[in-house]
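Enquirer: Okay, here's the structure, questions in a sec.
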Amino acid sequence: MTRTLGVLAALVLLLYPLIVYFAGNWLEPRLVGVILAGGYGVRLLSKAQNGKARLAALSAIVLLLVVLWLWNDERMLKLWPAFINVLMVSYFSYTLFCPPTLPARMASREFNDGLPPVVELYTRRVTQLWIVFFIVNGALAAYTALYASREVWAFYNGLLAYVLIGLLFALEYLYRNLFFKKKHGL
């Protein structure tokens, strides 16, 4: 049952822009916010490992619900993708100063004796690339939330942003496997 709820919550999160776009035609923003915050809440609570984490997740959900209910503004819902990008920039930046970076952790699975210096440097550069990407993506998400129509916002945040993330991931993967590993004999 918990797994099913987790999958449904993940699906709600993935379809967030489409839900905001279509539900906004029939429901007030505060009601759409309650539905979406519920999805996030189920996801957060299912991932929480202990009582303190559950309490923090529940507190964040309640705070989000209160803010959404009081403001009742669709822009609050539309700014969520920009906020997610801010979180991603923050996390990736944090790992630059408090390693290992996420790419370094992923790369360490391939190296039993620690990362070679060239790979360590490469993973730092990849992390920096993702930071720049999330800054630009977040700026575009914020711009579409504040100044574009609901259709443009949904198109960018519900399709184009996902395509761009996938494209960057695929290009980095191709570069790493076709050029970087051969160049450095890895």
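Every read-out reported here was derived from the displayed coordinates using simple, explicitly stated rules and does not represent laboratory data. As the structure is a computational prediction, the values presented were derived from the model and not from experiment. Neighbour counts are summed over all protein chains in view; Cβ atoms, including those assigned to glycine, are modelled from backbone coordinates with ideal geometry.
Enquirer: Compute the projected area of the convex hull of the Cα atoms of the stretch 118-186, averaged over all viewing directions, and report it in nm² to one decimal place. Could you put the intermediate results ahead of the total?
Expert: On the way: hull surface 18.8 nm².
Over every viewing direction, the Cα hull of the stretch 118-186 projects on average to 4.7 nm².
Enquirer: Still on this structure, I have one more. Treating the beta-carbon of each Lys and Arg as +1 and of each Asp and Glu as -1, no other charges, what is the dipole magnitude of the chain about its Cα centre, to the nearest 20 debye? Please report the intermediate quantities before stating the final value.
Expert: Numbers: 17 positive and 8 negative charges, 95 e Å.
About 460 debye.
Enquirer: Additional query: Measure nothing but the geometry: give the 0 to 90° angle between the long axis through the Cα atoms of 117-147 and the longest principal axis through the Cα atoms of the chain, rounded to 10°.
Expert: In the chain, helix 117-147 runs at an angle near 20 degrees to the longest axis.
Enquirer: May I pose another question? Does anyone have the angle between helix 29-47 and the longest principal axis of the chain? Alpha-carbon axes, 0 to 90°, nearest 10?
Expert: Once rounded, one gets 40 degrees.
Enquirer: Label points 7 Å out from Cα along the Cβ direction at N25 and R125: separation in nm?
Expert: 4.8 nm
Enquirer: Enter the Cα centre distance for the pair the stretch 138-163 and the stretch 4-33, rounded to the nearest angstrom.
Expert: So the two Cα centres are separated by 16 Å.
Enquirer: Also, quick follow-up: Kirkwood-based Rg over Rh for the stretch 1-72 (C-alpha set), two decimals? Mind dumping the intermediate values first?
Expert: Numbers: Rg = 12.7 Å, Rh = 12.7 Å.
Across the stretch 1-72, the Cα-based Rg/Rh ratio is 1.00.
Enquirer: Name the aspartates and glutamates eligible as straight-distance cross-link partners of K78: C-alpha to C-alpha under 16 Å, and not fewer than 8 places from it in the same chain.
Expert: E28, E151
Enquirer: What percent does the relative contact order of the chain come to when contacts are Cα pairs within less than 8 Å and at least six residues apart?
Expert: Working: 150 pairs, mean separation 41.9, N = 186.
Here the relative contact order equals 23 percent.
Enquirer: Per residue of the chain, what 222 nm ellipticity follows from adding -39500 (n - 2.57) for every DSSP H run with n ≥ 4, rounded to the nearest 500? Could you put the intermediate results ahead of the total?
Expert: On the way: 10 runs with 142 residues, N = 186.
Per the formula, -24500 deg cm²/dmol.
Enquirer: Go through the stretch 71-87 residue by residue and turn each phi into a ³J(HN,Hα) via Karplus (6.51, -1.76, 1.60, θ = phi - 60°); whole Hz please, and just put x for glycine and proline.
Expert: Karplus-based 3J(HN,Hα) across the stretch 71-87 equals 7, 6, 10, 4, 4, 4, 5, 6, 7, 4, x, 5, 4, 4, 5, 4, 4 Hz.
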